[in-house]
Amino acid sequence: MAAAAVAAPEVLRECGCKGIRTCLVCERQRGGDPPWQHPPQKTHRFIYYVDTGWAVGAEESDFEGWAFPFPGVTLIEDFVTQEEEAEMVQLMDCEPWKLSQSGRRKQDYGPKVNFRKQKLKTAGFQGLPSFSREVVRRMGLYPVLEDFRPVEQCNLDYCPERGSAIDPHLDDAWLWGERLVSLNLLSSTVLSMSREAPGSLLLCLAPSGFPEALVEGVMAPSRSVLCQEVEVAVPLPRRSLLVLTGAARHQWKHAIHRRHIEARRVSATFRELSAEFGPGGRQQELGRELLQISLSFEGRPL
């Protein structure tokens, strides 16, 4: 009995869920019929093909062989080496991880922000971690990121034993800018993208020779599907770098489902400043201060 009494608080501390968010830890603790509701799965699943920029209906689905353009996704495979990956995760694990929602753990390197009130504080922010200096430098070698200057880095730790996931969401657009950049480490996963807007997506019948043929052109649209019923699966290989811009950044919500975490996964997400904090913006002085701190690469997690 005494051993059980000691073990219980340790289990409780493993969960950082609040409100409607849950993980395997708190679900086991609550037991019985869950009072919460997981979002229903979308009716129609499409697969994103990085070589063409198109989303294509999954095999054995109602829209198998049908496709639509899906702009705003850039995927750079093998962005870091296996040795660099191991070193980065080792250095992350030398710092404390904080419990977060839905079975995740996190490390934040950035200003403290109240998005609802649109206020932020720089106190305690010392910059991005030193091991990210080379990662940021390497980003600038790619045209899509040649002027990318991140002011925030958020490391997230996913684990199947905790039932880690992240619900569909859009990142803030008041403070964070056009590009959302994420480095996927330790295991492959799937980014699931969905859109709640009304209306329909126009589909084309993918020509023979897909996916290569989509690069040259497709037939005229001849079928449609409701936006709210579609989910686009973006495969994320291990050690790849993902960049979301445009519609993929601002209109399509992104998520990581529990079923797509099959081994430990660590992601490092980098965010740049919005135009309001850039040159000529209303808060350009604060933006300049944030960048100076961020790019010193002297940070510790907050």
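The values are calculated or read from the model by the stated rules, or taken from the named source; none is laboratory data. Just so we're clear, the structure is a prediction, and the values are computed from it rather than from any experiment. Glycine gets a Cβ as well: all are built from the backbone with ideal geometry, and neighbour counts include every protein chain shown. The protein model used for the area step is the full one, side chains on, heavy atoms only, and it has no ligands, DNA or RNA in it. Shrake-Rupley method; radii C 1.70, N 1.55, O 1.52, S 1.80 Å.
The table below gives the values:
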item	result
Environment charge of Asp62, counting only residues whose C-beta is closer than 14 Å and scoring Lys/Arg +1, Asp/Glu -1	-2
Tail weight of P(r) past 32 Å, computed on alpha-carbon pairs of the chain, percent	33
Net lengthening on full extension, Leu226/Leu202 (0.36 nm per residue, minus Cα-Cα)	7.7 nm
Surface/4 of the Cα convex hull for the stretch 146-193, nm²	4.7
With all protein chains modelled, accessible area of Tyr49 [1.4 Å, Å²]	80
Stokes-Einstein D in µm²/s, Kirkwood radius over Cα pairs - the stretch 12-151 at 4 °C with 1.567 mPa s viscosity	65
Kirkwood Rh (inverse of mean 1/r, distinct Cα pairs), the stretch 75-203, angstrom	17.1
Rh by Kirkwood over Cα pairs, then Stokes-Einstein D for the stretch 57-139 at 1.567 mPa s and 4 °C, µm²/s	75
Projected-area average for the stretch 235-302 over all orientations - Cα convex hull basis, square nanometres	7.0
